[in-house]
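Accompanying notes for the structure given below.
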């Protein structure tokens, strides 16, 4: 399915930046803004390019999971298996939030899913709450991990 360029810029890129942010938080990797932004933009353009190809819908998701795992490994997650698991969990979180937000907004505002394909502005606006929720989830998880870390006790080394 071809994505209009404006949808890529206003919905696709922010969504992928949120995905990378959540993946880094789950992996407990440092959030370096320039790297998160760059990887998010690269993933968004990869999804855009893949969707232009004559391949079945959903293949782009599999490719993005693999690319996200590779990027996580490059950012410092040494275990590639764990990188894939984190990528899967992150994409699952995206799918759950996307489905939940879309379903809720369709009920609240009374439009059908077909309207999303026919109305670009509506499609972009309906996609924004899930992006915001991904960032909120990242923030809450980062705070949780920070609290968890403060309760870890390191053994004191006695100095002679």
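The values are calculated or read from the model by the stated rules, or taken from the named source; none is laboratory data. Here the structure is a predicted model, which means the values were calculated and not measured. Glycine gets a Cβ as well: all are built from the backbone with ideal geometry, and neighbour counts include every protein chain shown.
In segment 21-38, how many residues are part of a helix (DSSP H, G or I) and surrounded by 11 or more Cβ atoms within 10 Å (Cβ to Cβ)? Adding up the residues that qualify gives 10.
Of the residues examined, residue 95 is not one that is part of a helix (DSSP H, G or I), surrounded by 21 or more Cβ atoms within 10 Å (Cβ to Cβ) and modelled with pLDDT of 95 or more. When segment 39-54 is examined, which residues are found to be assigned to a helix (DSSP H, G or I), without any contact (Cβ under 8 Å) to a residue 24 or more places away in the chain and either in contact with a strand residue (DSSP E or B) (Cβ under 8 Å, 6 or more places away or on another chain) or more than 20 Å from residue 73 (Cβ to Cβ) (or both)? 49, 50, listed by residue number.
Here residue 68 fits the description: in contact (Cβ under 8 Å) with a residue 12 or more places away in the chain and within 17 Å of residue 14 (Cβ to Cβ). Screening residue 56 with (1) touching a helix residue (DSSP H, G or I) at 6+ places or on another chain (Cβ under 7 Å); (2) surrounded by fewer than 12 Cβ atoms within 10 Å (Cβ to Cβ) gives one miss only, at (1). Scanning segment 122-130 for any residue that is surrounded by fewer than 13 Cβ atoms within 10 Å (Cβ to Cβ) and either over 18 Å from residue 23 (Cβ atoms) or touching a helix residue (DSSP H, G or I) at 6+ places or on another chain (Cβ under 6 Å) (or both) turns up nothing. Across segment 64-89, the qualifying residues are those that are surrounded by 15 or more Cβ atoms within 10 Å (Cβ to Cβ), in contact with a helix residue (DSSP H, G or I) (Cβ under 8 Å, 6 or more places away or on another chain) and over 20 Å from residue 47 (Cα atoms), and the one among them that is modelled with the highest pLDDT is 75.
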